[in-house]
Amino acid sequence: MRVLLVEDEPKVAAFIKKGLEEQAYEVDQAYDGFFGKKLALNNDYDLIILDVILPQKSGLEVCKEIRKVKPGVAILMLTALGSTDDKILGLDSGADDYLVKPFVFQELMARIRALTRRAYESPANDILRIADLELNLSKKTVTRSSIPINLTAREFALLHYLMRNKERVVSRVDIIEQVWETSFDTGSNVIDVYINFLRKKIDKDFSPKLIHTLVGMGYVLKET
């Protein structure tokens, strides 16, 4: 997942960037509103984390201008301005969520997961593709090379998670939390079993292979 962080406080920016990168996010960074807007409009991001008080151009202005061009991108306002009026201004400018400093990193991650989950489940993102593999979320169908592939509900959920995180390594714990949404013995081989189920259905008779294992790290869906 690719994130743009627009934050002018070096210590805060470094803290957030380090935490996100440890979670395998790709992070671009800007320290002022002008450069933040430029990056946001010239690149594709899954999420933009945007401070309100920024040099050169305020986060509120930047948010409004991004929204005019990219209405679907998830935007999280992160600021020390925490009054009700401040939150209303932030949300009215186009932000999807508003988190007040100081904060704990776990809450930031929870907000990010919620925002990106909603974005991927929106109608504009009903169809996910990688190579010749296509998943239609609204119709609950999967095809590869235009050939229908029948998946169980759990296999479909697992493939959906891998596809919306394509080219990003996801751990077994990530899969447990996001696909199973429950806790069970992390020593269980359930994840490996379902990954093998998917491989047999979407990779075995096709090329290129899309599901890859990184030993000790997890799995990644990508074209080689």
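Readers should treat all values here as calculations from the given coordinates under stated rules, not as data from a laboratory. Note that the coordinates shown come from a computational prediction; the quantities given were computed from them, not determined experimentally. Note that we place each Cβ from the backbone using ideal geometry, even for glycine, and neighbour counts take in every protein chain shown.
Points worth noting:
- Excluding the site residues themselves, the longest part of the chain lacking any chymotrypsin sites (Phe, Trp or Tyr not before Pro) in a DSSP loop with at most 13 other Cβ atoms within 10 Å is 1-102.
- Remark: Asp46, Asp126 ranked as Asp126, Asp46, counting other beta-carbon atoms within 10 Å and listing the fewest first.
- Under-5 Å amide H pairs with Ile75, H placed in peptide plane, nonlocal only: Ile48, Asp96, Asp97
- Whole-Hz ³J(HN,Hα) from phi, Karplus 6.51 cos²θ - 1.76 cosθ + 1.60, for the range 170-175, glycine and proline x: 10, 7, 5, 5, 4, 5
- Whole-Hz couplings from phi, Karplus 6.51/-1.76/1.60, listed for the range 72-78; x for Gly and Pro: x, 6, 7, 10, 10, 7, 10
- On Cα atoms only, tilt of 59-69 relative to the major axis of the chain in degrees: 50 degrees
- Residues whose amide H comes within less than 5 Å of that of Leu54, counting only those at least five positions distant or on another chain, are Gly59 (H built at 1.01 Å from N in the peptide plane).
- Take every Cα pair under 8 Å whose residues are at least 6 apart in sequence, average their separation, divide by the length of the chain, and the relative contact order is 13 percent.
- Look at Thr213, Thr79, Thr224, Thr116 and count the other Cβ atoms within 10 Å of each Cβ; fewest to most, that gives Thr224, Thr213, Thr116, Thr79.
- What the phi angles of the range 93-104 give under the Karplus curve with 6.51, -1.76 and 1.60, with θ = phi - 60°, is a coupling list of 6, x, 5, 8, 7, 9, 10, 8, 6, x, 9, 9 Hz, glycine and proline written as x.
- Between Ile130 and any residue 5 or more places off or on another chain, the built amide H atoms are never under 5 Å apart.
- When only the Cβ of Lys, Arg, Asp and Glu is charged (+1, +1, -1, -1), the dipole of the chain relative to its Cα centre reaches about 660 debye.
- Packing-based exposure ordering (other Cβ within 10 Å, fewest first) of Thr152, Thr143: Thr152, Thr143
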